[in-house]
Each structure stands twice: as C-alpha cells, then as structure tokens.
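The values are calculated or read from the model by the stated rules, or taken from the named source; none is laboratory data. What you see is a predicted model, and the numbers here were worked out from it, not measured in a lab. Note: ideal-geometry Cβ built from the backbone for every residue, glycine included; neighbour counts use all protein chains shown.
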Amino acid sequence: MRREDVSPDRPDSSGQIPLSWAARNGCDGVVKLFLEREDISPDKPDIFSLTPLLWAARNGHDEVVRLLLGREDVSPDRLDNGRTMLSEAAAGGHDGVVKLLLERGGINPDRPDNYGRTLLSWAARNGHDGVVSLLLERRDVGPDRPDNFGQRPLLLAAQNGSNGTVKLLLEQEDVRPNRQDKHGRTPLLRAVKNGHVGVVKLLLGREDISPHRPDHSGQTPLSRAALSGHAEVVELLRARVAGNLKVA
C-alpha cells in the first residue's frame, strides 16, 4: 500500500530528487521502483543542471542508464554546463554507457562542448582506449577535429602519455600527426615536454613527423627535451635525425 503523505519526487536543497540519488549511486532496483510510478519526473535537473541520467552516465552505471533510456520522456542529449552526456561518459572511460547512448540514437557523437571539445577528445585526453576505439568505428566522428585551442585528439593523448590511444589515432587516415595547436605545439612537442618515451617512439616512427618543427616561441622538440632533462627522449630525437632510430 502506497502512502499518500510521502512525495517521491520532492527535491532536496540541491534540487536532487530521490530518483536522482538512486541513479547517481547505481541503485538500479530502486530506480526501477521509481520509474514504475506516474508521479515521477525522470528527466528533472538539479541546481547543477544534472538529471538522473546525467548522474548515472557520469558515474558509469550501465544498468541505470539502460533503465532511464527506456523512457521516452528522458532526453539523452541534454547538456551539463556545456558538456553532453556522452562526453561525461567518454571522459570517465565508461565504455558500456557510451555504447548504450550511441545505440539509443538521436545523439550527435561529434557535438562539441563549450570548449569546442568532442567526446573523442575527452576520451583521448584521458587515455580511455575502449571508448576511443568505439568512436573511431563511426563515420560521424571526426578523428582530427580541433577544439577552441587548436588541440586535436592526438595532441591531447600525446601530452598525457596515452600510448594505446595514440596508436589508435595514428592508424586513422584522416589524422595528420604534425599539426600544431594555436601555440604552434605539435603532438611530438607535447609528448617530449612531458617525457612520455613510449609516445615519442610511436610518433618518431612516422615519416610524416618533423622532429625539428618549432612552436611559436621557437622551441623545438630537441630543445624542449634538453630543457626538461629528458635524456632518453634527447637520444631518441638524435637517433631519428641521424636516421638510425629503432622503434621496435
């Protein structure tokens, strides 16, 4: 018997309804109970503009996402401070959630956020190979799309030392690995600066990579490596220039 004096859709001080808390914490059984009621608003945002689905997607709760996506009154493409649900899931490396959202349809997987960054860029930046692989299989995702700062997925992956993601992106015909961002920095220069030896090896193994290309301040990969004290990277760059680099 249901109580008449309990409101299942009443928000707390943060604007979150009970369904939102259940979705946020991955309580799929509780979510299912709430969704069986007619007096529930399953797409209601809190004061942070986060809906139950956004919370579930952000935290990687596959089954909760599946339940919410089964409702016609739940929007899968709502923005959270300029970021889409897909980009939240991609940034967190939640492969299952990304797959569910892509299967739902009605979502633009290449939609940029307020920074001009797509979900591929977010996944590449955080080194989530599984999500990157899922997205690269799609024709409606641009693998070399820049954000507002001219940073492309490859550069973001390279600067964070994401070897697997860099390798996946280098296999794409549309990706040009020698492109610069707004400051003239290439993926190689970013990898060199941070001492990511594995990524540097992958990039130097490409014939279309220039080991001499400077940024807008005149800094080259070799000068950056020397300045940062990355001795192994310095040796790799010298070997490439001398033509005796071994990438294996």
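Look at ASP208 and say whether it is touching an Asp or Glu at 6+ places or on another chain (Cβ under 6 Å) and either closer than 28 Å to SER133 by Cα or at pLDDT 95 or above (or both). No.
For every residue, the table says whether it meets (1) under 10 Å from the mean Cα position of the chain (by Cα); (2) under 23 Å from ASN160 (Cα atoms); (3) buried (at least 21 other Cβ atoms within 10 Å of the Cβ).
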{"position": "ASP95", "(1), (2), (3)": "no, yes, no"}
{"position": "LEU100", "(1), (2), (3)": "no, no, no"}
{"position": "ILE107", "(1), (2), (3)": "no, no, no"}
{"position": "THR118", "(1), (2), (3)": "yes, yes, yes"}
{"position": "ALA124", "(1), (2), (3)": "yes, yes, yes"}
{"position": "VAL132", "(1), (2), (3)": "yes, yes, yes"}
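Restricting attention to region 184-201, the residues that are of a type outside the set (S, T, N, Q) and either touching a Phe, Trp or Tyr at 6+ places or on another chain (Cβ under 8 Å) or crowded, with 22+ Cβ neighbours inside 10 Å (or both) add up to 10. Mind listing whichever residues of region 206-239 are polar (S, T, N, Q) and either touching a strand residue (DSSP E or B) at 6+ places or on another chain (Cβ under 8 Å) or part of a loop (DSSP other than H, G, I, E, B) (or both)? Within region 206-239, SER210, SER217, GLN219, THR220 meet the criteria.
When region 221-246 is limited to residues that are β-branched (Val, Ile, Thr) and over 28 Å from the mean Cα position of the chain (by Cα), the one that is surrounded by the fewest Cβ atoms within 10 Å (Cβ to Cβ) turns out to be VAL241. Residues in region 157-205 that are part of a loop (DSSP other than H, G, I, E, B), in contact with a Gly (Cβ under 9 Å, 6 or more places away or on another chain) and either hydroxyl-bearing (Ser, Thr, Tyr) or in contact (Cβ under 8 Å) with a residue 60 or more places away in the chain (or both): SER162 only. Among the residues of region 131-156, those that are of a type outside the set (Ser, Thr, Tyr) and outside any loop (DSSP other than H, G, I, E, B) comprise VAL131, VAL132, LEU134, LEU135, LEU136, PRO153, LEU154, LEU155, LEU156. Can you name every residue in region 68-88 that is without any contact (Cβ under 8 Å) to a residue 40 or more places away in the chain and crowded, with 21+ Cβ neighbours inside 10 Å? Answer for region 68-88, where residues must be without any contact (Cβ under 8 Å) to a residue 40 or more places away in the chain and crowded, with 21+ Cβ neighbours inside 10 Å: PRO76, ARG83, THR84, MET85, LEU86, SER87, GLU88.
Each residue in region 39-92 was checked for being in a helix (DSSP H, G or I) and closer than 17 Å to LEU19 by Cα, and 15 of them qualify.
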